[in-house]
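Please read the structure below before turning to the comments.
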Amino acid sequence: MRKKIDMEQVLRNLTLDYFGNGKHKISPDKFFDIENALLLDVRSKEESDSIFIKLEHHTNVESLNIPINEIPERIDEIPKTKSIGVFCPANVRSSIVYAYLLSKGFPDVRIVEGGYLALTEALKPGQILKVIKSKK
């Protein structure tokens, strides 16, 4: 079991080198290529109910909606053994949850960059067809 990291240590690690090398973010295309991944949708339940992200054909990626305000109470639902991509429309809530999960000892967390536009680009018919064909 991983130990919790002090938030001050998380902040100390967020250097120019860290951000300059993009260690905090990942594109949807690269994220969908990861084996054993979790797309953590931190939008409100109402937002998720309006536009739900299921990812049925991306069998390597699980999708889970936990609104940002419920993360502390539901943190045990988030597996530390998966690569976690945190998603919200403008990356504000994603950034907050990203730092929070790092402070709780999650080893592989990134912000899925680009919001809805980037996700919908990565999930266009041609991309989904490519995923389906690669599974056959």
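Take ASN21 and decide whether it is at positive phi, open to solvent by 40 Å² or more (accessible area, probe 1.4 Å) and out of contact with any helix residue (DSSP H, G or I) (no Cβ under 7 Å at 6 or more places or on another chain).
In short, no.
Could you list, in sequence order, all residues of the range 6-28 that are modelled with pLDDT of 90 or more and of a type in the set (D, E, K, R)?
The answer is LYS25, and nothing else.
Count, please, the residues in the range 105-136 that happen to be among the hydroxyl-bearing types (Ser, Thr, Tyr) and either farther than 14 Å from GLY85 by Cα or assigned to a loop (DSSP other than H, G, I, E, B) (or both).
Residues flagged as among the hydroxyl-bearing types (Ser, Thr, Tyr) and either farther than 14 Å from GLY85 by Cα or assigned to a loop (DSSP other than H, G, I, E, B) (or both) within the range 105-136 amount to 2.
Tell me which residues, restricted to the range 102-123, are touching a residue at least 60 places away in the same chain (Cβ under 8 Å) and under 11 Å from the mean Cα position of the chain (by Cα).
ARG110, ILE111, VAL112, GLU113
Looking at SER63, SER50, SER27, which is the one that is in contact with a Phe, Trp or Tyr (Cβ under 9 Å, 6 or more places away or on another chain), open to solvent by 20 Å² or more (accessible area, probe 1.4 Å), under 26 Å from GLN127 (Cβ atoms) and among the hydroxyl-bearing types (Ser, Thr, Tyr)?
Within the list SER63, SER50, SER27, the selection yields SER63.
Kindly indicate which of ILE111, ILE96 is in contact with a strand residue (DSSP E or B) (Cβ under 6 Å, 6 or more places away or on another chain) and within 16 Å of ILE66 (Cα to Cα).
ILE111
Collect the residues in the range 71-92 that are in a helix (DSSP H, G or I), closer than 21 Å to TYR116 by Cβ and open to solvent by 60 Å² or more (accessible area, probe 1.4 Å), keeping them in residue-number order.
Of everything in the range 71-92, just one residue is in a helix (DSSP H, G or I), closer than 21 Å to TYR116 by Cβ and open to solvent by 60 Å² or more (accessible area, probe 1.4 Å), namely VAL92.
The values are calculated or read from the model by the stated rules, or taken from the named source; none is laboratory data. Source: prediction; values computed, not measured. Ideal geometry is used to build each Cβ from the backbone, glycine not excepted, and the neighbour counts take in all protein chains shown. Just the protein is used for accessible areas: all its heavy atoms, side chains included, with ligands, DNA and RNA removed. Shrake-Rupley method; radii C 1.70, N 1.55, O 1.52, S 1.80 Å.
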